[in-house]
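Below: the structure, in structure tokens.
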Amino acid sequence: MNWKSLQPYLLVTPQTLIFLVFLVFPILLIGVVSFWGFNGYAMVPGFTWDNYIGVFTSEVALKIYLNTFRYVGLVWVCSLAIAFPVAYFLAFHIDSLRWKVILFLVCTIPFWTSNIIRNIAWVPLLGKEGLVNQILQSLHLTQQPLEFLLYSDFAVVLGLVYLYTFFMIAPIFNSLMRIDRNLITAARDMGASGFQVLKEVILPLAAPGIAIGSIFVTTLVMGEFVTVRLMGGGQSASIGKLISTQIGSLQYPLAAANAVILLAVTLVMVAAILQVVDIRQEL
């Protein structure tokens, strides 16, 4: 091999090393720790299946996993229902490229602050004495404050949708912008209605963007714990929050086992999405 043939490998070497040291090695280390024991105050190196058996035989853990899947499903549906019309409007109803960019940047405004600040901002709106309850009571629509608006599963889903809808908007918008407008014109010339154009032309071509957005939303919600803790007020649970609690109580092997299971489940969900839609053309 000569110097010229080695150059591409040398170019990717730094990134490969960073990938191995900061991602692959920590994941492998978590996998190793998941088989260790815990004697109540310290980890015991060894090999045991007790942590995994404890997860799969615990009714509480299984309920938390099911609750996490419920969050993922609800957030995915709500995010897609919001993101597609927004992306469609930006792609097909705004003619000026300048305004497309400006309105797209408006969607990024929530990301100008941290997740914690964005979550806390809901408290004065949804609390018992918050703005929403005050408006509802002043209009005589409710007699008492609606308690489910905050510190509930509803609040958790609302917070997650608010945080991660943009991750659905961006790839869908990118897919819609790549659609050849001549295809839409040809479909209309052949007598297709607006709904038929949407169903037969736009949706199939936007499918890769929807798949990428679904991967983003799914992976982010599966590991979320800050929003669940702040918006749930301790009354809601997710796998991410469970792992955080176990780490706080120094149960590292059990937390590692849950982390490995969470990673495996997330990879299965991503693989299922990739089986349905081919995203290579989008990448």
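Computed from the coordinates by the stated procedures, all read-outs in this text should not be read as laboratory data. Since we're looking at a predicted model, the values are computed, not measured. Counting neighbours? That spans all protein chains shown, and the Cβs are built from the backbone with ideal geometry, glycine included.
Within the listed set PRO145, PRO253, PRO208, the Gaussian network model of the chain (springs between alpha-carbon atoms below 10 Å) gives the highest mean-square fluctuation for PRO145. The amide H of GLY37, built 1.01 Å from its N in the peptide plane, has VAL44, GLY46 as neighbours under 5 Å, considering only residues 5 or more places off or on other chains.
Our note on the geometry: Cα centres of the stretch 180-208 and the stretch 92-116, 25 Å apart.
Of the peptides 176-183, 65-72, the ranking by mean beta-carbon count within 10 Å, highest at the top, reads 65-72, 176-183. When TYR88, TYR164 are sorted by how many other C-beta atoms sit within 10 angstrom of their C-beta, beginning with the fewest, the order is TYR88, TYR164.
Short-range pairs are left out: with C-alpha atoms under 8 Å and at least six residues apart, the relative contact order of the stretch 58-276 is 26 percent. Computed extension length for LEU6-PHE148: 45.0 nm, one decimal, from 0.36 nm per residue of separation with the Cα-Cα distance subtracted. Counted residue by residue at 0.36 nm each, then reduced by the alpha carbon distance between them, the extension gain from LEU97 to PHE195 reaches 32.7 nm. Here the dipole of the stretch 58-276 is about 220 debye; that uses its Cα centre as origin and unit charges on the Cβ of Lys and Arg (positive) and Asp and Glu (negative). Placing +1 on the Cβ of every Lys and Arg and -1 on the Cβ of every Asp and Glu, with nothing else charged, gives the stretch 1-157 a dipole about its Cα centre of roughly 480 debye.
Given +1 at the Cβ of Lys and Arg, -1 at the Cβ of Asp and Glu and no other charges, the dipole of the stretch 151-283 around its Cα centre is 120 debye to the nearest 20.
Between the beta carbons of VAL44 and VAL268, assuming R0 = 30 Å, the FRET efficiency works out to 0.50 to the nearest 0.05. Dipole of the chain computed with +1 at Lys/Arg Cβ and -1 at Asp/Glu Cβ about the Cα centre; of LEU6, ILE247, GLY234, farthest Cα towards the positive end is LEU6. Couplings for the stretch 158-172, taken from phi via the Karplus curve 6.51 cos²θ - 1.76 cosθ + 1.60 with θ = phi - 60°, read 4, x, 5, 4, 4, 6, 10, 4, 4, 5, 8, 5, 4, x, 5 Hz in order; Gly and Pro are left as x.
Residues considered: SER58, SER175, SER138. Largest GNM mean-square fluctuation over the chain, using C-alpha springs under 10 Å, is found at SER138. The phi-based Karplus calculation (6.51 cos²θ - 1.76 cosθ + 1.60; θ = phi - 60°) puts the 3J(HN,Hα) values of the stretch 205-212 at 6, 8, 4, x, x, 5, 5, 5 Hz, whole numbers, x for Gly and Pro.
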